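Undergrad: There's a structure below that I have some questions on.
The values are calculated or read from the model by the stated rules, or taken from the named source; none is laboratory data. The structure displayed is predicted, hence computed values, not measured ones. Because the Cβ atoms are built from the backbone with ideal geometry, glycine has one as well, and the counts that use them run over all protein chains shown. The protein model used for the area step is the full one, side chains on, heavy atoms only, and it has no ligands, DNA or RNA in it. Shrake-Rupley method; radii C 1.70, N 1.55, O 1.52, S 1.80 Å.
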Amino acid sequence: MKLSDYIVEWLYKKGIKDFYGYQGTMIAHFVDSIGKNPNVKNYSCYNEQAAAFAACGHALASEKCSVAYATSGPGAINLLSGIANAFYDSIPIIFITGQINRNEYRRDIPNLRQNAFQETKIVEMSKCITKYAVQILDPSKIKYELE
C-alpha cells in the first residue's frame, strides 16, 4: 500500500473524513490519496491559511477532528496562523505538510541554513504552538507517529 493511502485510511478509521488544503508538489501524493478514497472529502481552498482556518471552523462546528494540509516550505509557513488558532483555542486539527524528497536534503554541509526555500524548518517553527510536531524521515515510523 502506498504510504499516503495508508495515512488517509488510518485517519478515516479514526473518524476523520474532512480534509482542507491547497495543492502543491510536495503534498501531491497525499492529495491524490484523499481523492481516491471514497470515504473522505477534500475541500480545496484558495490558499493554505484559508485551509487551516476552514479546518478549524469545521472542527468547531462538527465537534470532530479535521485535517489541514499544505506543501512544504512557504506553503507550510502559511498554515502557521491557523495552527496557532487551533492551539490557543484547543481545536482538534491534524496539520500535515509535504516535504522535499529525502534524497534532496543537504545535511552534509555544516552550518548550511537551507538548501532551497522548500526546506523551511516548519517543525521548529511550529513546536511552540502545537501539542506535537515531528518530521518523519523513515517511512517505517509512520504507524508509530500516527498512533
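Undergrad: Would you mind listing the helices (runs of 4 or more DSSP H) fully within segment 37-93 where at least 1 residues are under 24 Å from GLU9 (Cα atoms), in contact with a Cys (Cβ under 7 Å, 6 or more places away or on another chain) and open to solvent by less than 20 Å² (accessible area, probe 1.4 Å)? Can you show your working first?
TA: Values: elements: 48-62, 74-77, 80-88.
Qualifying helices (runs of 4 or more DSSP H): 48-62, 80-88.
Undergrad: Identify, please: which residue in segment 102-128 is modelled with pLDDT under 95 and surrounded by 17 or more Cβ atoms within 10 Å (Cβ to Cβ) and is, among those, nearest to the chain's Cα centre (by Cα)?
TA: ILE122
Undergrad: Hey, can you tell me all the residues within segment 12-43 that are charged (D, E, K, R) and either in contact with a Lys or Arg (Cβ under 8 Å, 6 or more places away or on another chain) or closer than 23 Å to GLN118 by Cα (or both)? Give the steps one after another, and end with the answer.
TA: Initial filter on segment 12-43 (charged (D, E, K, R)): 13-14, 17-18, 32, 36, 41.
Residues satisfying the conditions are LYS17, ASP18, ASP32, LYS41.
Undergrad: Being within 19 Å of ILE77 (Cα to Cα), β-branched (Val, Ile, Thr) and surrounded by 12 or more Cβ atoms within 10 Å (Cβ to Cβ) is the filter here; which residues of segment 129-146 pass it?
TA: Narrowing segment 129-146 to residues within 19 Å of ILE77 (Cα to Cα): 129-136.
Filter once more, so that each one left must be β-branched (Val, Ile, Thr): 129-130, 134, 136.
Within segment 129-146, ILE129, THR130, ILE136 qualify.
Undergrad: Go through the residues of segment 94-101 one by one and say whether even a single one is surrounded by 15 or more Cβ atoms within 10 Å (Cβ to Cβ), within 19 Å of VAL40 (Cβ to Cβ), out of contact with any Leu (no Cβ under 8 Å at 6 or more places or on another chain) and at pLDDT 95 or above. Quick ask: steps written out before the conclusion?
TA: Of the residues in segment 94-101, the ones surrounded by 15 or more Cβ atoms within 10 Å (Cβ to Cβ) are 94-100.
Imposing the further condition that a residue be within 19 Å of VAL40 (Cβ to Cβ) reduces the set to 94-98.
Now narrow it down to the ones that are out of contact with any Leu (no Cβ under 8 Å at 6 or more places or on another chain): 96, 98.
Subsequent filtering for residues that are at pLDDT 95 or above retains 96.
There is at least one residue in segment 94-101 that is surrounded by 15 or more Cβ atoms within 10 Å (Cβ to Cβ), within 19 Å of VAL40 (Cβ to Cβ), out of contact with any Leu (no Cβ under 8 Å at 6 or more places or on another chain) and at pLDDT 95 or above.
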